[in-house]
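The values are calculated or read from the model by the stated rules, or taken from the named source; none is laboratory data. Just so you know, these numbers come straight off a predicted model, no measurement behind them. As a convention, Cβ positions derive from the backbone with ideal geometry for all residues, glycine included, and neighbour counts pool all protein chains shown.
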Amino acid sequence: MIEKKGVKTKLIVMDDDPETLEWLNFDAYDILQERFVSLKDIFPECEEVIYRYDFGDSWEHTITLEKIIKTNVFKATYLEGRGERPPEDVGGSLGYIEYMRIMADDTDPEYVSMKTWSESQRERKLSPEKINDQLRRCINGYRYSPLYY
């Protein structure tokens, strides 16, 4: 989501499910389909973008433009991060707060089942080098297609 004073808020959505576009409010938002939008088209207008995913859990992140580096090389680079990701399908930020409350108290009646469940959800911790290696492999062979622009 891109908010700018005096301009209709832009909402970038995935359209891989035909029903996705049915629930959107086209009067309130300027709806853009993610496959037709590039970050280079967004960040000249804004320095901050709100990224929402997993509409069931409603996770929200703020992406802040810190620096632009011009290059002809298509690449993604992981710079830094803190902590471990929440378990998958924990229930969004409110579910995560509840999860953290239970995990902080090993006398809680739900502790053992929550711990067992969370261990099945946890991914291995990755170093920045391993993450960047995965990103390189992910985009290896990717080519721009004018069909999606």
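To keep it simple, each residue is scored yes or no on (1) part of a strand (DSSP E or B); (2) under 30 Å from Ser127 (Cα atoms); (3) without any contact (Cβ under 8 Å) to a residue 24 or more places away in the chain; (4) touching a strand residue (DSSP E or B) at 6+ places or on another chain (Cβ under 8 Å).
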position	(1), (2), (3), (4)
Glu22	no, no, yes, no
Leu32	yes, no, yes, yes
Lys40	no, yes, yes, no
His61	yes, yes, yes, yes
Thr77	no, yes, no, no
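If I ask for residues that are more than 19 Å from the chain's Cα centre (by Cα), charged (D, E, K, R) and modelled with pLDDT of 75 or more, which ones from region 19-44 would you list? Of everything in region 19-44, those that are more than 19 Å from the chain's Cα centre (by Cα), charged (D, E, K, R) and modelled with pLDDT of 75 or more turn out to be Glu22, Asp27, Asp30.
If you scan region 76-117, which residues turn out to be surrounded by 10 or more Cβ atoms within 10 Å (Cβ to Cβ), of a type in the set (Lys, Arg) and within 30 Å of Glu47 (Cβ to Cβ)? If the condition is that a residue be surrounded by 10 or more Cβ atoms within 10 Å (Cβ to Cβ), of a type in the set (Lys, Arg) and within 30 Å of Glu47 (Cβ to Cβ), then Arg85 is the only one that fits. Among the residues of region 57-70, some residue qualifies, meaning at least one is charged (D, E, K, R), surrounded by 14 or more Cβ atoms within 10 Å (Cβ to Cβ) and outside the structural domain of Lys125 (by TED's automatic domain parsing).
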